[in-house]
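Input: a single structure, listed below in structure tokens.
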Amino acid sequence: MKKIIICLWALIVCCWGCEDYLNVKPSNVQAIRTYDEVKALLGGHLRMYAEPDYDNLEGTSIPYIENDIWTFLHFYGDDIDVDTYVKNRYIFGNIKNLYVESANWKNTTQPGVIWKAYYSNIGFFNTIIDELSRVEASKEQADIVRCEAKVLRAWHLFKLMQYFSPYHLNKYGLPVNLDAQKVAEYDASRKTQEEVYRIIISDLTECVECTTEPRSTYNVFYDKNIIHAILAQVFLYKGDSGAKADDDYENAASHAKSALEALKLQSTEDYEPFPVYNEVLGISKEAPHALMVDFRSANELRFIVGNPKSASQNLYSSASLYALFKDNDIRKTKFFNDKQVITKYMNIATGYVSVELYQFWSAAEMYLIIAESYARSGNESEGKKWLEDFQKHRYSNYNGYQGNALLQEILNERRREFCYEYDMRWCDLSRLQTGWTRSSYEDAEHPTYTLEDNDYRFTLPIPVKEELQYNDIEQNPGWLIVTE
């Protein structure tokens, strides 16, 4: 039955028409008749996380592993030494086109890959929720499927907001359709940031307050700790955005503390960048330091951190990142050798060439969310307390924070701790809006490229091919000339 359901879902996807990813399954297509079929259909998607070799459920994907998204976001950040990167023939030769398109932060192709991956999945989650309402199921049965789909949908919407919504402009939220019965008549205009965050927070709050316990044999993202961690991220990111509210930072700290109940921060004695990873490929929720780790066989990581075991594949830290590490920072010798070669993933036994490791919702992130939330809300004593509690786990002979720029030190800790981890740095840059200059590549007219403070390029453009040619919504400010 599961194979039949998957084939029917693939047929539904093909029937959507064009590439309008906000449109979902027409109401006259009835492929699912029972609760078990709805549960199995969503289970087919979840299985992609647990078993990387499992054939993909057509029409859905795991967005963070799609088509060089990690490498693209890495190129947009400031942790890469671009001068040495482009001289590495082994690494650069395999990824040159993506780098050249991204060097001046004007890549207009990769945003379409991201848009398609996330919105396609949102349409799938809408269908699951809609079909669930049409079948007979007990409250407990319905809850474990509905909450799984709603947490995933909220997480996807949040990532789209981080990538595509200009941070300080409330009017430029995203188009959102949550009704699987609406195909052509839905409101396709951009909602405000406030409206989109209301949807995200409502779905997550409903699920974290649900009285039905998640099923460990089925649920992945319907996990109260994960939901608290996502809410902590959402409220922190929202806190200075165009949709900011007075209680955002209070909520961020509260949810981060709840998530921390299931996590342990490594000490200076036992610290490793990735102390637990799946020797069996797929996700693990057993790591004490992070709520989810995903270990996969792939090649993308080598384009980000190289392979320090092979001199021809060495990649180097940017000078600005390396300068942030003090000599008593235990991460310094874990993340780099004495020539600034990146070694952060050295303890992955199989090397860098054919693996990827994604880490989500770590204890370190929750600590720093709490510290930043207190600092931004004016409670510097509590912010300093949480920062110092974190730093004593990362510095030998630690004597407390002695500086007078608490918030900046917390932000520096985020950059140190999460360097070269998926989209962490770019999402921080998109909210901090702090620019920098780097060398160009084979551009005689422009020896350097500069991303100015508050530059429009901190937000990705709404893609033309995947959205604007079907939906006449307003492009993000600054991108009109570039994308025409």
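What follows is calculated from the coordinates using simple rules that are stated; it is not laboratory data. Small disclaimer: the values here were computed from a predicted structure and weren't measured. Methodologically, a virtual Cβ is constructed for each residue, glycine included, from the backbone with ideal geometry; neighbour enumeration extends over all protein chains shown.
Data table
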item: Label zone at Arg33, where the point sits 7 Å out along the Cα-to-Cβ direction: the stretch 112-135 residues whose backbone N lies under 16 Å; result: 134-135
item: 17 Å Cα-Cα reach of Lys171 towards lysines, excluding residues that sit fewer than 8 places from it in its own chain; result: Lys191, Lys238, Lys244
item: Quotient of C-alpha Rg and 2.2 N^0.38 Å, computed over the chain; result: 0.96
item: Cross-link pairs beyond the 30 Å C-alpha cut-off, checked among Lys116/Lys285; Lys344/Lys385; Lys116/Lys326; result: Lys116/Lys326
item: Rounded Å value of the spacing that divides the Cα centres of the stretch 32-102 and the stretch 374-390; result: 35 Å
item: Difference of contour (0.36 nm per residue) and Cα-Cα distance, Lys339 to Trp436; result: 32.6 nm
item: Stokes-Einstein diffusion coefficient of the stretch 49-185, Kirkwood radius over Cα pairs, 4 °C, 1.567 mPa s, in µm²/s; result: 73 µm²/s
item: Label-to-label distance, nm, for residues given as Asp187 and Ser310 (7 Å Cα→Cβ offset); result: 5.4 nm
item: Extended-chain gain in nm, criterion 0.36 nm per residue less alpha-carbon gap, Asn347 and Asn170; result: 59.4 nm
item: Percentage relative contact order, the stretch 299-378, counting C-alpha pairs under 8 Å, at least six apart; result: 36 percent
item: Placed amide H near Trp436: partners under 5 Å, 5+ positions off or other chain; result: Leu451
item: Calculated FRET efficiency for the pair Ala298/Arg134, C-beta based, R₀ 56 Å, to 0.05; result: 0.90
item: Helix-derived mean residue ellipticity, 222 nm - over the chain, DSSP H n ≥ 4, -39500 (n - 2.57), to 500; result: -13500 deg cm²/dmol
item: Pairwise label distance in nanometres, Asn404 with Tyr49, each label 7 Å out on the Cα-Cβ vector; result: 4.7 nm
item: Rel. contact order, % - alpha carbon contacts under 8 angstrom, at least six apart, the chain; result: 19 percent
item: FRET E, pair Thr448, Glu250, Förster distance 56 Å, beta-carbon r, rounded to 0.05; result: 0.85
item: At q = 0.15, 0.19, 0.24 Å⁻¹, base-10 log of I(q)/I(0) for the stretch 194-297 (Debye sum, equal scatterers on each alpha carbon); result: -0.75, -1.03, -1.25
